[in-house]
Amino acid sequence: MEDLKYTALNKVHIDLGAKMVPFAGYNMPLQYSGLTEEHNAVRNSVGMFDVSHMGEFIIKGSKALDLIQKISTNDASVLVPGKIQYSCMPNGRGGIVDDLLIYMLSENTYMLVVNASNIQKDWDWIQSQNTFGAEMQDISDRTSLLAIQGPKAVEALQSLTDINLADMKYYTFEKGKFAGFDNVLISATGYTGSGGFEIYFENEYAEKIWNAIMEAGRGVGIMPAGLGARDTLRLEKGFCLYGNDIDDNTSPIEAGLGWVTKFTKDFVDAKLFKEQKEKGVARKLVAFIMLDRGIPRKDYDLCDVDENIIGKVTSGTSSPTLKNGIGLAYVATEHAKVGTEIYLSVRGKQLKAQIVKPPFV
């Protein structure tokens, strides 16, 4: 426990009775009132997550875009200030260093938002590719991040800012005054598929902003939510989780991330990924739903009707919305067609499942 890092809201979570667990080197809330209750709050009204463990890097200078174009698969040249892009970083060996968000803050200044477990690895990788002399700054340790997610997020937050939240388009952001604090970045993004915002600010404002949001959202039943619900929410939408569904040994083409892999520019591994896109890949990430009763878990085998192993589960859970087992898995391409019946191998039993088109919900 000594080596764990703490977000600026650690005491708030403990005072709220959260069940705390180590995650990506941080002491993080797994749940407060209960996973299902928190999950349903986000789907039906609004929930708030502390995701301050995420990493934030500033890349700036006249060659900032050149560096970003080299390390990322998406085409960041289409960004304008106030716009955000989802992308991934190839590792030079056909795998993925991380997936990330790229924010264009202003001319020649960008913010990259990376996964907590990869902060050091990502920093080292980007630095190793920075032959352009772009200026790099790691602001992760001083930045707090809250995700306010759900269909009533606008109602919960609007009284705290003059920015017109209802008019903000998905994957855009604005900076302004929020809960009385200046220079807060409000982003129309999230990892739940239920709409909402992610809010970035300095650590010292964290408790006051958390409390202000809880107070402002009381009328719409805002609820603090933990990592447990964050995982079930993202899985119902078929969103990839780094370390499970994508990693250093998966390519974006295998992972269904061809839509953020643009061959209009040169980047690390571009030639290899273009070849994969043209010739096809041996395995694909698919979504599947259980037909028999059972909950898929990471690393469970998937089999064909003759019990030949055809793939492996990367993420699985019991969906609180569907009240059914769902999962993501890499399977041999010939078994990847939507509608294909497959079998989940659980303690020697073969449970029937079917490949479906994501999202589940």
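The values are calculated or read from the model by the stated rules, or taken from the named source; none is laboratory data. Source: prediction; values computed, not measured. Because the Cβ atoms are built from the backbone with ideal geometry, glycine has one as well, and the counts that use them run over all protein chains shown.
From the residues in the range 234-267 that are among the aromatic types (Phe, Trp, Tyr) and in contact with a Ser or Thr (Cβ under 8 Å, 6 or more places away or on another chain), which one is surrounded by the most Cβ atoms within 10 Å (Cβ to Cβ)?
Ranking the qualifying residues of the range 234-267, first place goes to Phe267.
Which residue out of Gly294, Gly316 is under 25 Å from the mean Cα position of the chain (by Cα), crowded, with 17+ Cβ neighbours inside 10 Å and over 30 Å from Ile71 (Cβ atoms)?
After applying the criteria, what remains is Gly316.
Name the residue, out of Lys337, Lys277, that is of a type outside the set (S, T, N, Q) and without any contact (Cβ under 8 Å) to a residue 24 or more places away in the chain.
Lys337
Restricting the range 64-87 to residues that are surrounded by fewer than 23 Cβ atoms within 10 Å (Cβ to Cβ) and assigned to a strand (DSSP E or B), which is nearest to the chain's Cα centre (by Cα)?
Looking at residues that are surrounded by fewer than 23 Cβ atoms within 10 Å (Cβ to Cβ) and assigned to a strand (DSSP E or B), I get Tyr86.
Sort out which residues of the range 36-95 are closer than 23 Å to Lys262 by Cα and of a type in the set (Ser, Thr, Tyr), and write them in order of number.
Of everything in the range 36-95, those that are closer than 23 Å to Lys262 by Cα and of a type in the set (Ser, Thr, Tyr) turn out to be Ser62, Ser72, Thr73, Ser77, Tyr86, Ser87.
For residues that are closer than 19 Å to Lys60 by Cβ, of a type in the set (Ser, Thr, Tyr) and touching a residue at least 60 places away in the same chain (Cβ under 8 Å), tally how many sit in the range 103-129.
Result for the range 103-129: 1.
State which residue is nearest to the chain's Cα centre (by Cα) when the search covers only the range 159-174 and only residues that are touching a residue at least 40 places away in the same chain (Cβ under 8 Å) and assigned to a helix (DSSP H, G or I).
If we filter the range 159-174 for residues that are touching a residue at least 40 places away in the same chain (Cβ under 8 Å), which is where we start, we get 159-160, 171-174.
Those left that are additionally assigned to a helix (DSSP H, G or I): 159-160.
Details: Ser159: 27, Leu160: 26 Å.
Applying the filter and picking the extreme gives Leu160.
Looking at Ala134, Ala156, Ala179, can you tell me which residue is more than 25 Å from Asn244 (Cα to Cα) and within 24 Å of the chain's Cα centre (by Cα)?
Ala156
Inside the range 203-286, counting only helices (runs of 4 or more DSSP H) that do not spill past its ends, which hold 3 or more residues that are closer than 25 Å to Ala76 by Cα and of a type in the set (D, E, K, R)?
Result: 270-279.
Would it be correct to say that Lys63 is outside the structural domain of Phe197 (by TED's automatic domain parsing), in contact with a Gly (Cβ under 9 Å, 6 or more places away or on another chain) and either among the basic types (Lys, Arg) or modelled with pLDDT under 95 (or both)?
So Lys63 passes the test.
Does Leu101 meet the test of being touching a Leu at 6+ places or on another chain (Cβ under 8 Å) and surrounded by 21 or more Cβ atoms within 10 Å (Cβ to Cβ)?
No.
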